[in-house]
Every structure is written in structure tokens, then in C-alpha cells.
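J.: Pasting a structure here, questions to come.
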Amino acid sequence: MNFKFTAKDYLKINSHAAFGSSFRNWFRLHRANNFDVDFRFLPKILFITFNILSSTPLRIYERLKYNKKIKNASVKQPLFILGYYRSGTTFLHYLLSKDPRFAYCATYEVMLPHIFLSSGSFSRKIMGAALPENRPMDNLKMGADLPKEEEFALASIGVESLAAGYFFPKRLQQYFEKYVLFTDAKAEQNWKNNLDYFLKKVSYKYNEKPLVIKSPANTARIKQILELYPDAKFIHIHRNPYEVYLSNERLYEKILPMLAFHKVDNKTMEEFIFNSYAATYRNYFEQKALIKPENLFEFSYDYFTADPLKNLKAAYTHLSYENFNETEALIKEELLNYKNYETNKFNLSPELKEEIYKRWQFVFQALSYPK
């Protein structure tokens, strides 16, 4: 792993994930991290603060107009995509979003969770202009209307989100333990309240269609999800652990210079990948028994990408979603966008390979990956 923070990263201010926060939450986030910021990021922080303050009247208006309606909305049989970061969850999310029976959290809704009901078209245009065409870590397309993981919305609604840890990566392990493994009971309840509020808000907007939700951190939160939504369904996609490790190194090399407010050393992030992956799958293997067998479908990334349509049809059949044929043409059309797509290539040293296998051996064995 090799982090490179440049002047461009210090000064790039147009597309940070914190723009959608409230001032109260923005202040709580910095206070919780002892205002530990690198002075070179101060221009970015000041610009974000100015934008948060500027949007305060719209947040107040939206809360007064819609809060009662949101609280009365229902989240009906959501479908959760599970799988650790860089396991193919985004690709699967993009394909499932083409099914008109589902609704999903669009990027502009996730990034501006307090105002997207009141400023939909305006927010969409602003977000569309700010976002790059492709994701920096894998060149998948980006767009204001494309699906996005709700974890970033939760970082703007409260501090109880792993995504908020990306802003202060020296404490990312603490964020993971507190807000993914839930070592704190109050944090767990706050996270559940915030998730339910946001999903109800999205559900209200889309007339209570079933939502397809994707946040890799949810792979370790099955118990909490089922406590909120006992009828939830799940698709779990997993990938060769060697590829997952290397791809996560690239992920953090790309996103932390964009999102972090202080620097972090390579060793801290390498340990975070090792620890969080292992803890995520310990939770998953322990908690998956809580899911009714008919509500969980699993496949590997390689198996899925070899024939997405065949595997999606199998998933729909298992999860009792009818009329896949009506959706098939839409997914086929979406797949045309990926016909020339190539995954990133990585080099794995023998020493690192041995370390990965030693620390994640139980995952290799449980998911049937060879050493």
C-alpha cells in the first residue's frame, strides 16, 4: 500500500461526501475526533462548512414538511446485497437496479439525505456536475442517478457510520468496532434508528416499492437488519480473498486522499483490511443462520460474472421473485455497458500471499477457495 496525498487532494472541494451533513452532525463528527485535522485540509473543511450552513433553511423546510409522512412510511421486504468491499457488490447493485419492481438509493439521495425530497432536480444536476464519470478505484461508471450505498447517507445523518471513519482514518478501526460490530449498545440503537429513518424516506419517495440496498458493512450486521426488517431478503456475493485484499489496498489508496481530513500510515490501513475482513466474516458465518434459507442466495464473484443472467435468474427463483423474463431484457441492455470492462490486475508477493492465507484461512475454507 502506498498513500500519496497531493495539493490536488487538499484543495479539491467539489464532491466530498460530507456536503449533505447537518451542521449539528458535522460539529459532532469533528468533536468526536478531537478536531484532529491536518491544516492543509482546512480550505476543504471551511468550504464544506459554508455549504452546510447555506443549506440549513432547506433542511429545516424538508424536515417540517415531510417528517410525519416519512415516519408513517413502510420499508417493505427490502433486498440487501451482502459481501465485503471489492467483492462485486456494486456491479450486482447496478444490475438489480434495472428491475422496475425495486427502488434504490440514488447517489444524489445518499449524498444529500436531508434535502433530496425538496430539491430533487436541482440536487441531481449539482451532483451530476460534481461527480467524475468513473469511480477512481475500478472505473465503473458514476452518476447522480446511479445506486449508491446508504452508508454515506448515515454519515450525514449521524456519526454512527463506517463511512464517517473515512474522514478520520486513523480511527477507522474504532469506527468499525463501534458501528459495524456494535461494541456499544447505544451506538447500535442509534444506527438502527438512522438506517430506518433514511430507508423510510427513500421508500416514501418511491411509493413503498421494495428497496435493493447495498453496503458491504451490512455483511456483519445481519442480526440488526433482521430486527428492523424480519422479512428482508439477501444476496451474498463473495470473491477470492487474495483479490479482495489487493483490491482493498487500491480502494483506500484512491478514496482516502479524497475523503480524509488527516493522513494515515500504510501499516494502519493494512491492519484495518486484515482485521475488518476477518471480523466481518466471523459475524456473517455466525449470523447467517438467522436468515430463513429461502431468503438467502449466495454465489462467488467469478461464478456470477461468468454468466450474470443465468445466476440472477437462479437468485430470483430461490428468493421467489416472479417474472424474471420481464426484467431480463433490461439487464441484458445494462450488461452491454460492461462488455469491454476489465478488472484491475494485481501482483501478489509470496510473503503477502502467505500472510493473507494465515490470517483469513477460515474464510478460504468456509467459502471453498484454494490456498
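The values are calculated or read from the model by the stated rules, or taken from the named source; none is laboratory data. None of these values were measured; they are calculated from a predicted model. Methodologically, a virtual Cβ is constructed for each residue, glycine included, from the backbone with ideal geometry; neighbour enumeration extends over all protein chains shown.
J.: Of all residues in region 84-111 being within 25 Å of Phe324 (Cβ to Cβ) and out of contact with any Leu (no Cβ under 8 Å at 6 or more places or on another chain), which is surrounded by the fewest Cβ atoms within 10 Å (Cβ to Cβ)? Working first, answer last.
T.: So the first thing to find is which residues in region 84-111 are within 25 Å of Phe324 (Cβ to Cβ), and the list is 87-106.
Narrowing the set further to residues that are out of contact with any Leu (no Cβ under 8 Å at 6 or more places or on another chain) leaves 87-88, 92-93, 101.
Working: Ser87: 26, Gly88: 20, Leu92: 25, His93: 22, Arg101: 14.
So, considering only residues that are within 25 Å of Phe324 (Cβ to Cβ) and out of contact with any Leu (no Cβ under 8 Å at 6 or more places or on another chain), the one surrounded by the fewest Cβ atoms within 10 Å (Cβ to Cβ) is Arg101.
J.: Can you tell me which residue is surrounded by the fewest Cβ atoms within 10 Å (Cβ to Cβ) among those in region 1-33 that are in a loop (DSSP other than H, G, I, E, B) and of a type in the set (Gly, Ala, Ser)? Reasoning before the result, please.
T.: Applying the first criterion (in a loop (DSSP other than H, G, I, E, B)) to region 1-33 yields 1-6, 12-22, 33.
Now restrict to residues that are of a type in the set (Gly, Ala, Ser): 15, 17-18, 20-22.
Working: Ser15: 15, Ala17: 22, Ala18: 24, Gly20: 29, Ser21: 29, Ser22: 20.
In this case the residue turns out to be Ser15.
J.: Restricting the search to region 294-318, which residues are closer than 13 Å to Leu96 by Cβ and either at pLDDT below 90 or surrounded by 16 or more Cβ atoms within 10 Å (Cβ to Cβ) (or both)?
T.: Quick first cut of region 294-318, residues closer than 13 Å to Leu96 by Cβ only: 297, 304, 308-309, 311-313, 315-316.
Passing the criteria: Phe297, Phe304, Pro308, Asn311, Leu312, Lys313, Ala315, Tyr316.
J.: Scan region 226-233 and give yes if some residue there is surrounded by 18 or more Cβ atoms within 10 Å (Cβ to Cβ) and either modelled with pLDDT under 95 or farther than 21 Å from Ala153 by Cα (or both), otherwise no.
T.: Start the filter on region 226-233 by keeping residues that are surrounded by 18 or more Cβ atoms within 10 Å (Cβ to Cβ), which leaves 226, 229, 232-233.
Restricting the remaining residues to those that are either modelled with pLDDT under 95 or farther than 21 Å from Ala153 by Cα (or both) gives 233.
Yes, the conditions are met somewhere in region 226-233.
J.: Would you pick out the residues in region 316-325 that are touching an Asp or Glu at 6+ places or on another chain (Cβ under 9 Å) and not aromatic (Phe, Trp, Tyr)?
T.: Listed by number, the residues that qualify are His318, Leu319, Ser320.
J.: Here is a follow-up. Sort out for me the helices (runs of 4 or more DSSP H) sitting completely within region 131-213 that have 2 or more residues that are touching a His at 6+ places or on another chain (Cβ under 9 Å) and at negative phi.
T.: Numbers: elements: 151-157, 162-165, 172-179, 185-205.
By residue number, 151-157.
J.: Tell me the residue from Leu336, Leu246 that is at pLDDT 90 or above and either touching a helix residue (DSSP H, G or I) at 6+ places or on another chain (Cβ under 8 Å) or part of a helix (DSSP H, G or I) (or both), please. Before you say what the answer is, go through the steps one by one.
T.: Working: Leu336 fails: at pLDDT 90 or above.
Just one listed residue meets the conditions, Leu246.
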